[in-house]
Structures are given as structure tokens and as C-alpha cells.
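Chemist: Sharing a structure, written as C-alpha cells. Questions coming.
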Amino acid sequence: FDPDNPIDIYGGCYQGLIEKLNILTQKSRSIMAYEYLGLGSVPSDQKFRFNWNAPIFASPHNPSTIYHAGNVLFKTNDGGNSWDVISPDLTKNDKLKHDLGSVPFTNEAAGGEVYNTIMYAAESKHEAGTIWVGSDDGLIHITRDGGTNWKNITPRSMDEGMVNSIEISPHDPGTAYVSFTKYKFGDIAPYIYKTNNYGKTWTQKTTGIPKNTFVRVVREDLIQKDLLYAGTETGLYLSTNGGKSWVPFQLNLPIVPITDLTIRNNDLVASTQGRAFWILDDLTPIHQFKESIKKKEIHLFAPRIAYRTSGGSSKSKIMGQNPPSGAVILYNIANEVDKNSNLKIEILDNSDKVIRTISNKSGESAKVFDGSYKTTKAPSKQGLNRFIWNLRVDDLLTVSDISFYGSYSGYRVGPGEYTIRLTLDDYSTSQPLSIRHDPRLDIRDRDTNQHQKLMSELYTKINDLHNAINKARSVRSQIEKMNSRLQNKENMDELINASNLAIKALNEWEGNVVQTKMETFQDVVNFLNRLNSHMINLMGTLDGSDPPITQGQKDRFSDLSEEWYQYKNKLNSIMNNEVNDFNRLYKKEDLPIIIIED
């Protein structure tokens, strides 16, 4: 299909079946080069022979040009209404293998037994009309003029077997890597052939891959020349020197046959035989890796651009994981980290203000509906570490023993330029980070700035409220402790009465700004939300919505700000009156006064 306009999608099946699907109308039609019922037919009776996985691909130079491979190569420029044969038979065309199934295939009458077919074909992205073709019986051909002339470039050492894939180097038009298999003949050794001159000469490149591990596919990195990924029958291998040597690159990938590899948006995608698709997010560390990094106490890799996109879900429960939402921060630690060592990741805005800090230590905890809230920890193991920053500022100040509708998470920052600073004890390093809006959205800078400003102001007010609650609780706790010591003393009635009045005033104030009786979400039926819940809810709504701000959100912010202003003044009044009266009497009795924190 045309990647810039994927309306018409071409798909094939066995025996040369090929259809074109219009994704708008959901209508498909057969566009076989030669309509024929292959089911139950022997290859010798068929005009063309097609592999079970017959190649279909669009020209990278003109996506309206579609190729389909049988034992010859077909080409269409009109969406499959007509096809041109642009090659001779590019297989060994062994007539002895065109009857009922025989070695290396068994008969099933559905097409799996069809032999002498094109297994892989690809047009060079460097040169229009340069097409490489490999067959299931061990031949490689090339044309450099769109099919007018073809040349057999099969390596001399290549015996009968299957050309499973051909990787044309994205960096050099004459370089290609051929993955060749002979497992159907009982040979499970790896075969990788490399050419630097359009197939004039070939060399084998399998050092480091076990002798009993055949290779299905090799792909070269789109950014770094000679960085190769090999998919084998037992997993993934990596080469950094153009195939001269290979090392296992399994990570958390299961031991599974890899059928194909592709690189998309700098992520490595693997298809497997029966174990789903797997994606290695962000190849940047591999591009940036040098041996000297191992000797540095800490190394922070340059991150790629992060996008402000919201997480999503699939209608299907069997779909895999989404990529991480936020900025992927990767860093290497040379030595084992002592338990007393302090590692921290800091995010700085464009004015060098620290807006988020994450450490390797356990932080404060608080109660929430689904258990207990704990601050996020940064990993600090020896070797490569990965942390996903969710693009949020520091969490809100917590308040103990309350539950509310919402979370302590800070709001997401806006697009712009930031700095990641990594510190381990006395060592520190930094890298720039760019954050962008969802590229599908058209948002004005003015709207973004207003959106961020409102969330920042609301965030500050919530922290002020939570700080005030904690301060009021500290004062109340001191009064309660002193009150308990006064119960057995004589002539303390006036002081006890003053303490009770102060405690009552503080309890009433707290009960108006935060709901202390909620344990689960359903408790809201009996115990109504208070000021902090409404403020946190508004911040969550703003954070979950892209700019611009609605008038309703502005109005609600104004009302909540006024409400907080009134309660803030009320608390100051309690401190200046009820609490101060208690302190005055305490001082009169020559007792220590209540400490009111700033």
C-alpha cells in the first residue's frame, strides 16, 4: 500500500490469490494476474507457480506500482487491473518437483507443496528499477533496469535451499545481506551471505551464531551503518561490524523463532512463530553506545523526543502492550550501587528550575482508595537502567489518613525544551529533552501557555491547602497532647476549656476542606467531597484535556480560588484567636507554647 495514503491495501494468500481492499468501503476484489483454481491442482498444470507466502510489495519510488511474485515477477501500475510479467522464470524450474508433493514438501493440495517459486523480492530504495529476487530453491537474481535484463548472482557456495530474505543496505546501494536456510533438508546451520558489489562477490557472515541456529532474516539499522539485527530460529543476534561477528541480543525476548524484523520510528519490531509481535522501544542506546561508557561512573543517553499523548486501549483483550507514555530516560551505571548511595533524576525547565525529582530512595506514602500511595523510585542497578518520566511535575504534597477522588500526581508539563540531570553521589551529567504536542493536533502556543499557567496556579493552591491541613494537624496534635497532661492538674479549667475550643475550631475547619471519613469510592454517597477533592478533580480534568481551556473550567477555577481564600483566612483567624488564646494562657502558667509552623 501507499504509506502516505493507505486507502487501497493489497493482500495475498496461497496459490497466487491476491486481492485489493478499499478500507473506506471495506470492499475487496480479486486481482490475480491469471485467475486459476490452484486448490487441488498440481504445479505442472498451472501457468504460474506461487509460494505459500508469495511476495507483494509497493515500489518505494512510486507506491502506485505494485509487484507480485510467482515463479516470475509481476508488475501493475493500475491497481491490479492488468499485470506485466517483467522477468523470466527466476527459479531452477525443476520439472521433477512439479507433480504431487515430494521432497522437500509434502502434498496437501492447497499450495504448500508448490516448489520452484520466488520467496523474496525487494526494490532498492536507492535506485528505481533495481530489484533483488531470491527463490525457494536457492537462486538470487538482480535487475538494474526495471526487469529488462536480469542477472543470476547466486553465490557459488550456495546449494539448494531457501532464500528467506534479502536486506538491501539503507546506506549503500550495492550492499545486501541474504538469509539462506536449508532446514528443510535437515541442515540447521546459519547462512548469511553479504555482498558489497551488487552480487559480484559474496562472503559468509555467521561468526558468533551457533552452528545449530539457522537464520531467517537480517536487517540493517536505518541510522547506523554496519549495525545489524539477525532473527534466528532461537532468538535475536546483534552485530556492530557489518556481520564480521555476532552476539546474542535476547534481553526479555522469549526463546522463539523470529520470522521477520523491521525498524519503525527507531523501534525494532520482531514477528515470531507463535509468540506474537515484540517491540524493542528506542534503539538510541545502541546507536550511542561506546566501550568507554562502561568505564564512566554514570552515563545518561540522549533521549528521543517525547510526545504529550494520552494512553489508549484496544477493543480486543488479546492486544499487547502500548509503548510507554512519556519520556524514556536511559542511563548506565558502571559499578554496583551501595544501598547508602543517592541517585536522583531531576527535570529542569527552560529557566533551569527543577520541576520534578525522582530518587532511588523510598519516599513518603499516603492512603488512597486502592491501597497506599508511594512516590516513584528510580532504578539504580549496575548496568543499563530505564525510567519512564510521565511528563508530570512533582507529586502534590500528601496528607495522611484521607482518601479522595483523584490522585497525588502532578500535572503534565507543556511542549518545550527541558533538561534531564542525573546525579549519583558526587557524579552528575545531563542531556537536553524536547517535548512536543501530539502531532495530530493543531494547538496554538497561546492556548498552551494559558493551559499550563492555570494548572500551575491550581497546583500551587492545592499544595498550599495540603500544607495548611498538615500545619493545622500539627497544632491540634500539640494541643491534644498538652490537654491530656492537664486533666489531672488542679485549677486548669480555663486552660482546658481554651484547648477544647481550639481543637473544635481546627476540627471544624479541616472537615470543611477535606473529607476524612471516606475509605472507598462509594463512601461519597454518605460523606461528601470537600474542597481538596474539587480542586484535585479540576486539575485532573485540565490535565486530561488538551488546550484550549473552556470557560467552564475558568469559572470553576475562579470559584474554587475564592473558596480557598476564605478558608485560608479562616485558618489564620483560628491561629490568631483560639490557638493564640490557648498559648497566652499556657504562657501565663509558665508552660511551653504551641509551635505554629510556617
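What follows draws every value from the coordinates through simple rules; no lab data is involved. Everything numeric in this text was worked out from a predicted model, so none of it was measured. For neighbour counting, all protein chains shown are included, and Cβ atoms are generated from backbone atoms with ideal geometry for every residue, glycine included.
Chemist: Exceeding 22 Å between C-alpha atoms, which entries from my cross-link table qualify? They are Lys361/Lys471; Lys339/Lys381; Lys27/Lys125.
Modeler: With Cα atoms farther than 22 Å apart: Lys361/Lys471; Lys27/Lys125.
Chemist: Once Lys and Arg get +1 and Asp and Glu get -1 on their Cβ, which of Ser477, Tyr193, Asn449 lies farthest toward the positive end of the dipole of the chain?
Modeler: Projecting each Cα onto the dipole axis, the largest value belongs to Tyr193.
Chemist: Out of every Cα-Cα pair in the stretch 200-263, what percent are more than 19 Å apart?
Modeler: Here the tail beyond 19 Å accounts for 26 percent of pairs.
Chemist: Where the centre of each part is set by its Cα atoms, how far does the stretch 456-487 sit from the stretch 279-294, in angstrom?
Modeler: 49
Chemist: Also, quick follow-up: Calculate how steeply helix 531-543 sits against the longest principal axis of the alpha-carbon atoms of the chain, using the helix alpha-carbon long axis, and give the answer as 0 to 90 degrees to the nearest 10.
Modeler: 20
Chemist: Using R₀ = 60 Å, calculate the FRET efficiency as 1/(1 + (r/R₀)^6) where r is the Cβ-Cβ separation of Asn340 and Asp438; round to 0.05.
Modeler: 0.90
Chemist: Among the listed pairs Lys92/Lys200; Lys151/Lys184; Lys344/Lys461, which are separated by more than 29 Å between their Cα atoms?
Modeler: none
Chemist: Separate question: By counting other Cβ atoms within 10 Å of each Cβ, how are His287, His299, His98 ranked from fewest to most?
Modeler: His287, His98, His299
Chemist: Note the full-extension length gain between Asn322 and Ala189 as 0.36 nm times their separation in residues minus their Cα-Cα distance, in nm to one decimal.
Modeler: Result for the pair: 44.3 nm of gain on full extension.
Chemist: If amide H atoms are built 1.01 Å from N in the plane of the peptide, which residues on other chains or at least 5 residues away come under 5 Å of the amide H of Leu236?
Modeler: Amide H neighbours of Leu236: Phe249.
Chemist: With a/c under 1.5 counting as rounded, go ahead and sort the stretch 155-280 into rounded, prolate or oblate using the C-alpha gyration tensor (a ≥ b ≥ c being the square roots of the eigenvalues; past the cut-off, prolate if a/b is larger than b/c, else oblate).
Modeler: In terms of gyration-tensor shape, oblate.
Chemist: Quick one: grab Rg to one decimal and Dmax as a whole number for the stretch 1-43, Cα atoms only, in Å.
Modeler: In Å, with Rg to one decimal and Dmax whole: 12.6, 40.
Chemist: Further, regarding this structure: Size of the dipole of the chain about the Cα centre, Lys and Arg at +1 and Asp and Glu at -1 on the beta carbon, nothing else charged, in debye to 20?
Modeler: For this selection, approximately 800 debye.
Chemist: Once the Cβ-Cβ distance between Val524 and Ser545 is put in as r, and R0 is 25 Å, what FRET efficiency do you end up with, to the nearest 0.05?
Modeler: Taking R0 as 25 Å, the efficiency between Val524 and Ser545 is 0.65.
Chemist: Where does helix 445-486 land angle-wise versus the long Cα axis of the chain, in degrees 0 to 90, nearest 10?
Modeler: That works out to roughly 40 degrees.
Chemist: Report the convex hull volume per residue for the chain, counting only C-alpha atoms, in Å³.
Modeler: 219
Chemist: Continuing with this model, one more query. Could you work out the mean projected area of the convex hull around the alpha carbons of the stretch 445-588, in square nanometres to one decimal?
Modeler: 10.6
Chemist: Neighbour counts of other C-beta atoms within 10 Å: give me Ser165, Ser484 arranged from fewest to most.
Modeler: Ascending Cβ contact count within 10 Å gives the list Ser484, Ser165.
Chemist: What's the local net charge at Gln15, with K and R +1, D and E -1, over the other residues with C-beta under 14 Å away?
Modeler: Once positives and negatives cancel, what remains is -3.
Chemist: Simple spin-label model, 7 Å along Cα-to-Cβ: Asn470 to Gln250 in nm?
Modeler: So the label points at Asn470 and Gln250 sit 4.7 nm apart.
Chemist: With N set to the number of residues, divide the alpha-carbon radius of gyration of the stretch 1-143 by 2.2 N^0.38 Å and report two decimals.
Modeler: Compared with the compact-globule rule of thumb, the stretch 1-143 sits at 1.05.
Chemist: Follow-up question, since we're still on this one. If amide H atoms are built 1.01 Å from N in the plane of the peptide, which residues on other chains or at least 5 residues away come under 5 Å of the amide H of Asn360?
Modeler: HN-HN under 5 Å from Asn360: Leu343, Ala378.
Chemist: For each of Ile279, Ile503, count neighbouring Cβ atoms within 10 Å of the residue's Cβ, then give the residues from fewest to most.
Modeler: Arranged by neighbour count, lowest to highest, Ile279, Ile503 become Ile279, Ile503.
Chemist: On to the next question. State the extension gain, in nm to one decimal, for the chain segment bounded by Arg386 and His61, taking 0.36 nm per residue of separation less the distance between their alpha-carbons.
Modeler: Full extension of this stretch gives 113.2 nm more.
Chemist: Turning to a different aspect of this structure: Under the Karplus relation 6.51 cos²θ - 1.76 cosθ + 1.60, θ = phi - 60°, what is the ordered set of whole-Hz ³J(HN,Hα) values for the stretch 8-22, x standing for Gly and Pro?
Modeler: 9, 10, 9, x, x, 9, 5, 6, x, 5, 8, 10, 10, 10, 8
Chemist: Oh, and also: Treating the angle as unsigned and between 0 and 90°, give the value, to the nearest 10°, between the Cα long axis of helix 493-513 and the longest Cα principal axis of the chain.
Modeler: Here the helix axis deviates by roughly 30 degrees.
Chemist: Summing -39500 (n - 2.57) over the DSSP H runs of n ≥ 4 in the chain and dividing by its residue number, what mean residue ellipticity at 222 nm do you reach, to the nearest 500 deg cm²/dmol?
Modeler: Dividing the helical sum by the residues of the chain leaves -6500 deg cm²/dmol.
Chemist: Check which residues have an amide H placed less than 5 Å from Met32's amide H, if you skip close sequence neighbours.
Modeler: Here Ile18 satisfy the definition.
Chemist: Considering Cα pairs under 8 angstrom that are at least six residues apart, work out the relative contact order of the stretch 147-221 and quote it in whole percent.
Modeler: 30
Chemist: Additional query: By a straight-distance test (C-alpha under 14 Å), which aspartates and glutamates pair with Lys95 as possible cross-link partners, with residues fewer than eight away in the same chain excluded?
Modeler: Asp45, Glu113, Asp137
Chemist: Can you work out the base-10 log of I(q)/I(0) for the stretch 75-188 at q = 0.11, 0.22 1/Å, using the Debye formula on its C-alpha atoms alone?
Modeler: The Debye formula, applied to the Cα set alone, gives -0.41, -1.26.
Chemist: Straight distance only, please: which lysines reach the Cα of Lys588 with their own Cα at less than 18 Å, same-chain residues fewer than 8 apart left out?
Modeler: In chain and number order, the partners are Lys489.
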